[in-house]
Amino acid sequence: MPDLDLNLLVALDALLEEGSVTGAAERLHTSAPAMSRTLGRLRRVLGDPLLVRAGRGLVPTPRAVELRAEVRALVSRGQALLVPRAAAEPAELNRRFTLQTGDVLLTTIGATLVETVRAQAPAVTLRFLGDHLEGTSAMRDGVIDLEVGVTEHLDPETRTEPLTTTGLVGIARTGHPLTNGTPPTAEQFAAADHLAVSRHGRGPGPVDQRLADLGLSRRVVASVPSYPAALFLLRDSELVGLAPARLGTPAAEALGLSTFPLPVNLPEVVLSMAWHPRNDQDAGHRWLRELVRGVVTARAGKPALPARRQAEPLPAANHPALSAH
């Protein structure tokens, strides 16, 4: 196959990821003119301009958007194939790992994880994505290396490992009547005005069901799509919200918010990490999983749970403040 040049796949992946000839050149440690010539070759091979100018930047054509996931998956699989299985030496790793995690966990473990990686593997880059790709083929296609959180909608072949469990606490501004040091009654909790975290604006959850069992209901005054937005709104209002115990409280306390025990019993949620089986034996990926396991369990204050290899239904997957729907 004299015309087969797999380096074109690597270049196309970089161009589609960066959306810039200069950015792709820097990523592949080559010159911008050389990358521009490679883009010209790709255009001739594929019969499509791929990236076209829009103002001062470049935007992908429909054909480029169609190719992006498949090219990323092919390059990722090729890299995994050529990575030796020897034990990883973090100081020698020069890779980028993409992690998908919700903003609750990211506000809690993000800084520790980044600083640990900087200390152990200075050439490793972490890219964090939100949970908007849940339920897609992103992990199978190689867009995501590791998912951390309440893992849902996983393919049957996906590897999972439970990390820890967490419950919920109430949260409000310091000085709010429910944060006076005395645990509130169910009636007092239900009578407060509530704030919900819901990416898609979904309605009642487990808290509402528990209150209904007691003949009570709460009024959700507003909902926001992210946990950080909820914290700022709670700080500046009389509303009450929910936060994961231990894992969700550091960011809240940093903003001067206070927590209180909930007067209703809710099931604890299992937090896990999930990855595609092609990365199972990859030395660098094993190092990353070990790192994430240590950071999450240390923050949670609980030992890691027994390993589970296949995806299983998780309790209360729609738990508020953990999985924003």
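Most mobile of 49, 184, 244 per a Gaussian network model of the chain (Cα springs, under 10 Å)? Comparing 49, 184, 244 in a Gaussian network model of the chain, the most mobile one is 49. Using θ = phi - 60° in the Karplus curve 6.51 cos²θ - 1.76 cosθ + 1.60, the 3J(HN,Hα) couplings for segment 287-294 round to 4, 4, 5, 5, 5, 4, 4, x Hz; x is entered for Gly and Pro. Springs between Cα atoms under 10 Å define the GNM used for the chain, and in it the highest mean-square fluctuation of 215, 167, 256 occurs at 215. Applying the Karplus relation 6.51 cos²θ - 1.76 cosθ + 1.60 with θ = phi - 60° to segment 264-270 yields 3J(HN,Hα) values of 10, 8, 10, x, 6, 9, 8 Hz, where x marks Gly and Pro. Working note: 222 nm ellipticity from helices only, DSSP H runs with n ≥ 4, each -39,500 (n - 2.57), summed and divided by the residues of the chain, gives -11500 deg cm²/dmol to the nearest 500. In whole percent, and with a 1.4 Å probe on the protein chains, what portion of the accessible area of the chain is carbon and sulfur? On the chain, the fraction of accessible area on carbon and sulfur atoms equals 54 percent. Taking the Cβ of residue 50 as the centre, find all other residues whose Cβ is under 9 Å away and add up their charges (Lys, Arg: +1; Asp, Glu: -1). Local charge sum for residue 50: +1. Here the simple spin-label model places points 7 Å from the Cα toward Cβ, and for residue 246 and residue 209 these points are separated by 2.4 nm.
For semi-axes √(5λ) of the Cα gyration tensor in Å, which listed value, (1) 50, 32, 18; (2) 43, 22, 18; (3) 41, 22, 21, comes from the coordinates shown? Computed from these coordinates, semi-axes √(5λ) of the Cα gyration tensor in Å corresponds to label (2). What trypsin sites (Lys or Arg not before Pro) does segment 185-221 have in DSSP loop regions with at most 15 other beta carbons within 10 Å? Sites meeting the loop and neighbour criteria: 202.
Measuring r between the beta carbons of residue 70 and residue 217 and using R0 = 51 Å, the FRET efficiency lands at 0.55. Once the Cα atoms of helix 7-18 and of the chain are each reduced to a long axis, what angle between those two axes, in degrees from 0 to 90 to the nearest 10, is obtained? Relative to the chain, helix 7-18 is tipped by roughly 40 degrees.
In this structure the chain gives 49 Å² per residue of accessible area when probed at 1.4 Å with all protein chains present. Each label was represented as a point 7 Å from its Cα along the Cα-to-Cβ direction; for residue 37 and residue 111 these points are 4.8 nm apart. For segment 155-172, putting each phi into the Karplus relation 6.51 cos²θ - 1.76 cosθ + 1.60 with θ = phi - 60° gives couplings of 5, x, 7, 5, 8, 9, 9, x, 9, 6, 10, 8, x, 10, 10, x, 8, 7 Hz, in residue order, rounded to whole numbers and with x for Gly and Pro. Mean-square fluctuations from a GNM of the chain, with a 10 angstrom spring cutoff on Cα atoms, peak among 117, 221, 295 at 221.
The values are calculated or read from the model by the stated rules, or taken from the named source; none is laboratory data. Worth saying up front: this structure is predicted, and the values here are computed from it rather than measured. Note that we place each Cβ from the backbone using ideal geometry, even for glycine, and neighbour counts take in every protein chain shown. Areas reflect the complete protein model, heavy atoms only, side chains present, ligands, DNA and RNA absent. Shrake-Rupley method; radii C 1.70, N 1.55, O 1.52, S 1.80 Å.
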